[in-house]
1. Among (1) modelled with pLDDT of 80 or more; (2) over 22 Å from GLU391 (Cβ atoms); (3) in a loop (DSSP other than H, G, I, E, B), where does SER617 come up short?
2. Could you please tell me which pairs satisfy a Cβ distance under 6 Å, a separation of 6+ or placement on different chains, a first residue in region 225-242 that is of a type in the set (Val, Ile, Thr), and a second residue that is crowded, with 18+ Cβ neighbours inside 10 Å and assigned to a loop (DSSP other than H, G, I, E, B)?
3. For the list (1) within 30 Å of PHE121 (Cβ to Cβ); (2) surrounded by fewer than 22 Cβ atoms within 10 Å (Cβ to Cβ); (3) at pLDDT 80 or above; (4) polar (S, T, N, Q), I need the number of the one condition that SER90 fails.
4. Which one of the conditions (1) more than 30 Å from VAL332 (Cα to Cα); (2) modelled with pLDDT of 80 or more does ILE665 fail to meet, given that it meets all the rest?
5. Could you grab me the full set of residues in region 541-588 that are over 17 Å from PRO529 (Cα atoms) and of a type in the set (A, V, I, L, M)?
6. Out of the residues in region 141-175 that are among the β-branched types (Val, Ile, Thr) and surrounded by 24 or more Cβ atoms within 10 Å (Cβ to Cβ), which is farthest from VAL322 (Cα to Cα)?
7. Within region 124-140, track down each residue that is buried (at least 24 other Cβ atoms within 10 Å of the Cβ) and part of a helix (DSSP H, G or I).
Amino acid sequence: MKATFPVSGMHCASCAVSVAGSLKEVPGVTDAGVNFATGKATVEYDEARASMEHLHKAVADAGYSVPMEHQHTGDLEVARRRALWASVLSAPVFVSSLIGPIGSIGPMFQAILATIVVLVFGASFHLTALTLLRRGRANMDTLVSLGTIAALGLSWFELFNGGDLYFEAASVITAFILLGRWAEAKSRGRASEAMTKLLSLAPKTAHRVVGDLVEEVSVDSLRIGDIVMVKPGEKIPMDGKIIQGTTTIDESMVTGESVPAHRVEGDEVIGGTVNIDGALRVSITKTSDQSLLAQIVKMVEDAQTKKAPIEKLADRISGVFVPIVIVLSVLVLIGMIVFGASIDAAVIRAVSILVIACPCALGLATPIAVLVGTGAGAERGVLVKDGTALEHASRVTRVFFDKTGTLTEGKPVVTDVLPFGSATKDDVLTKAMVVEGESEHPISIAIANAASALSVRSAPNVTAVPGEGIFGSVDGTDVAVGTESFLRSRGMSLPDLSSAFALRSEGKTVVFVGAKKECIGAIALRDEPRAGAIETIADLKKMGIAATMVTGDHADAARAIAKRVGIDDVVAEVKPGEKLQVVMKAQEKGEVVAFVGDGINDAPALSQADLGIAMGSGTDIAIEAGHVIVLSGGPTAVVDALRLTRATYKIIRQNLFWAFAYNIIGIPLAMLGFLTPMLAGGAMAFSSISVVLNALRLRKYGKQVASK
């Protein structure tokens, strides 16, 4: 079983590592991961051996807690109060340390105020540090606790021995870090606003139609098959199908499309979208937990919880970083005393090292960027399901496109019917409809539309051979529709097909119709390129990414479509299982491959590709297999998805660079005595906030992508 729940009290990546380690020690837990940015733990466990009670106890044993629902606002208020009170009480201590006693604020009063700040408002640091110490672990709180307690204890000692006082260092460090955490918590709240907005889309009530009555009910009470009335201007309560009415619907918050969609009777509608100008009757087809909106939120939350490889590296570094810093601090302390420095000077330098080295920025660098990037994408119809997609997207060298439904509309129309021998056009269409009548394949639907005026009895049992054709039997007569090789494999003779082949050079797909033991005709269909397909290929070329079309269609027809959209490389006449081989061969040559598809037969290739991009208009299986889903369905969204994922990964690398650089520069400066504890505390807090603010730039980038 898999469970996800919030964890409160974490302040850095090493906190997350500690919680994950504690969870993994629970008998029955097979895997556990904790995301610092989202504040959530995801655990896979055996229900027979572990329970949620065991998991929550493991979190508590690590020094943290599982908050009650909706506790985030309360936690933020507590963080605000602690930060403000610590700042207010630290201010007179700091000022009096610079200019001397102010009124009654002498050394003793400084000591009292500083002690309150460190031990009362900074109590969470010390409690967490003690809990972890009992388990043989350490994190950022350990560094803060050791540093501030050392400075406070030394100052009390010197207060009674006439030495230098460092009460302002202990109190101001605590205040700085508390202010930094408050600002960080607010920023992280902004970073997760996308999910809050998506969840708020769902309306709370609906107008259910029961006979001649219309009653207002809770959306949660709706069941599959219920009929609801949706007035102009109202939100559609749940996913369903229009059974009466015509309208336009604003789907922008779900699909990212700014232009309202025209919807008529029989069309599917999405819960949470806005009905603009028509009164509708909608039959509910999915419950609230099955709705597209719920799936989007679940996918994005999963992506934000799963760790990208680069984030796992940062976590491992954070996990060993704290003990190394403590050892360095102790060595500097001992070394300075051995070489003749005063104890207070040695302690202050050791404190500076502990404070400057807090790895909060390092722990935030990756998860906060993933959080903001995936949220910005979700608002605009680009769903990143997996953190690894961010890394792979930054290195993609080639994009393979499935043709039908991806680069083309996927709604072919019959353009030509060629009868052979004594057959007529109606004979060809009638026989084709015998086996195609019950199929939902786009070619079958096109043939059905062309033969709508004919009265045809469908074969009761038909067999489809993916990528080849379909066959069945009516009154003892074998009928087959498909490629020429498919008919030949059914033992049917073929006449001169040159007239049919000529249509392929015009970019048309040609299927052949056979009855009894001979081919009686051919049907040509044309599938138009999707809007934006030409621009998509041009944009990919500008980005230095090669494009290849992969299709089961005949080579001539495929090359004609490819030429129209600007693709030079075509792999045609590929059977469904062979798409996977095409991807694997490219990977063997060193290509980093993205595959774009929408059909069931695309699922293996989507899974195998370094980056699988599933079109949201496609099948559930394809969407499940993809790493990135573009809900708007248009090919231009593929470029948007690549740009957004690349931008997110760029922010991750920037954050990690500055987080590492900050520590690489700051620790030596502190060891050499160029940083006071107060400066170190301020720099540490600023580094964490700067990482969050840098990640928040992705929200603006997402808007730019959406506006293109």
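The values are calculated or read from the model by the stated rules, or taken from the named source; none is laboratory data. The structure displayed is predicted, hence computed values, not measured ones. Neighbour counts run over all protein chains shown; Cβ positions are idealised from the backbone, glycine included.
1. (1)
2. Hits for this filter: VAL228/PRO237; VAL230/ILE236; ILE236/GLY271; ILE236/THR273.
3. If we test SER90 against (1) within 30 Å of PHE121 (Cβ to Cβ); (2) surrounded by fewer than 22 Cβ atoms within 10 Å (Cβ to Cβ); (3) at pLDDT 80 or above; (4) polar (S, T, N, Q), just (2) comes out false.
4. (1)
5. Within region 541-588, MET543, ILE545, ALA546, VAL571, VAL574, LEU580, VAL582, VAL583, MET584, ALA586 meet the criteria.
6. Looking at residues that are among the β-branched types (Val, Ile, Thr) and surrounded by 24 or more Cβ atoms within 10 Å (Cβ to Cβ), I get VAL172.
7. Of everything in region 124-140, those that are buried (at least 24 other Cβ atoms within 10 Å of the Cβ) and part of a helix (DSSP H, G or I) turn out to be PHE125, THR128, MET140.
Residue by residue, here is whether (1) charged (D, E, K, R); (2) over 15 Å from GLY521 (Cβ atoms) holds:
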position	(1), (2)
LEU429	no, no
MET433	no, no
ILE447	no, no
SER458	no, yes
VAL465	no, yes
GLU468	yes, yes
ASP475	yes, yes
ASP478	yes, yes
LEU487	no, no
